[in-house]
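Reviewing the structure listed below.
Throughout, read-outs are computed from the coordinates displayed, never taken from laboratory work. Being a predicted model, the structure only gives us computed values, none of them experimental. Here Cβ is always computed from backbone atoms with ideal geometry, including for glycine, and neighbour counts include all displayed protein chains.
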Amino acid sequence: MSLTYAIATPSYAGDIERCRLLCASIDRFVSGHAMHYILVENGDVALFKPLEGPRRTVLPESALLPAWLKARPDPFSLGKRRVWTSLGALARGVPPLRGWHAQQLRKFALPLASREDVLLFADSDMLFLRPFALDSLTTDGAVRLYAKPDGITADMAEHVSWCGMAASLLRLHAPAIPSPDYINNLVTWRRDNVLALHRHIEAVSGRGWVEAIARQRQFSEYMIYGYFVERVLGLTAAGHVADSHELCKSYWGGDPTGIASLRSFEEVLERGQVAVGVQSFIGQPVSQLKALFEAQ
C-alpha cells in the first residue's frame, strides 16, 4: 500500500509575505502531496485564508491545541509580542510559552487533525527552487529521517539541553554527547509514530502529552521525535531510514550581503538540494528573495 504525503508549515502574521512566497514555490516545484497545512494562531487565520486552495488549508490553533493554552498579549512587551498561557496552564505547571513553543506543539498535534501517512515540515522562511516529488522521501517503504551522526557536541549548550530534555521526557538514560542531530529544514515524520509518541509520553509521565512537553519549556520537537524513533521504537520498526544529507541550503545568520550578491540561488545550491531557507532575523528583504526565486 502506497504512502500518502502532506506538507506542514507553522507560521504567523509577521511571516505572511515569506509564507506567500513559499506557497508559490510549492505550487511551482513540488508534487506528490495530498495537502499543504498552514498552522497559525486563531487571530491570524483571516490573514492566511487567501493562501488556501484545492490542496492547501489553514488550520487554526484551536483545532490543534487544548483550550487551556491560548495566545494573549504579553504585558511585558506592551502588547507587541504574544504569550501562551492561562490559569489552567499555570495550574498544570506549564509556564508562559512563546510563539516558537506553540509552533512546535502544533507540529506534534497535526497528526490528530490530518490523515496523511507522512508529514514534511517546510517553515515559512524557506522556498523550493527545484522540482521535488514527495515520494522520493521513501525507499522500499522506509521514510527519510534527517539524522546527522555526532552532530551535537559538548560546546553546543542549548542543543545539549534539548538532548537531555528529550531523554528525560521519554524516560531514557541520559544521552551520550556527541549526540545525533535531528534538527534541520525539510524534516520528515510519520503520522503513526507521532501518535505512538503521544501515547508513550502520557504513559511514562501520567500527564497529557501537551502538558508533559510544555512543562519543560526548553525543548526541541525534532530531538524528541528523533530520540523516540531511534531509541524507543528503533528506526526499522518506526519505518524510517537515517539520512544526513541536507535537502535545504540554510542561512541561519551572519552577513546577509552574500545573498544580495547572488544572481540566482543556483550559485549556492548543492547537489541534491531542492530548497533554500533564509532566517527572517538576518534581515534579508523578502523582495530580494522573490527576485532570486523568479530568476530560477
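Here are some notes:
- Qualifying positions in the range 227-242 - surrounded by fewer than 19 Cβ atoms within 10 Å (Cβ to Cβ), closer than 20 Å to Ile177 by Cβ and not charged (D, E, K, R): Val232, Ala242
- Candidates Glu211, Glu266, Glu230 - the one that is within 27 Å of Phe293 (Cβ to Cβ) and in contact (Cβ under 8 Å) with a residue 60 or more places away in the chain: Glu266
- Here Lys80 meets the list (1) assigned to a helix (DSSP H, G or I); (2) touching an Asp or Glu at 6+ places or on another chain (Cβ under 9 Å); (3) farther than 28 Å from Leu195 by Cβ; (4) not β-branched (Val, Ile, Thr) almost entirely, failing just condition (1).
- Any hit, the range 170-180, residues being over 29 Å from Arg92 (Cβ atoms), of a type in the set (Gly, Ala, Ser) and free of Cβ contacts under 8 Å to residues at least 12 places away in the same chain: yes
- Selection from the range 145-173 of residues that are small (Gly, Ala, Ser) and either in contact with a Pro (Cβ under 7 Å, 6 or more places away or on another chain) or assigned to a helix (DSSP H, G or I) (or both): Ala147, Gly151, Ala157, Ser161, Gly164, Ala166, Ala167, Ser168
- Taking the criterion of being touching a residue at least 12 places away in the same chain (Cβ under 8 Å) and within 19 Å of the chain's Cα centre (by Cα), the residues of the range 78-103 that qualify are Trp84, Leu97, Arg98, Gly99, His101, Ala102, Gln103.
- Here the range 176-190 is the region considered, the condition is being more than 14 Å from the chain's Cα centre (by Cα) and buried (at least 19 other Cβ atoms within 10 Å of the Cβ), and the residue that is nearest to Leu105 (Cα to Cα) is Asp181.
- Listed by first and then second residue, the pairs linking a residue in the range 107-124 that is farther than 16 Å from Tyr225 by Cα to a residue that is among the β-branched types (Val, Ile, Thr) and surrounded by fewer than 22 Cβ atoms within 10 Å (Cβ to Cβ), with Cβ atoms under 6 Å apart and 6 or more places separating them unless they lie on different chains, are Glu116/Thr4.
- Here the range 8-26 is the region considered, the condition is being among the hydrophobic types (A, V, I, L, M, F, W, C), farther than 11 Å from Lys290 by Cα and in a helix (DSSP H, G or I), and the residue that is nearest to the chain's Cα centre (by Cα) is Cys19.
- Of the residues making up the range 85-92, none is assigned to a loop (DSSP other than H, G, I, E, B) and within 24 Å of Thr9 (Cβ to Cβ).
- Residues of the range 46-87 satisfying the condition of being surrounded by fewer than 16 Cβ atoms within 10 Å (Cβ to Cβ), closer than 19 Å to Met35 by Cα and among the charged types (D, E, K, R): Lys49, Glu52, Arg55
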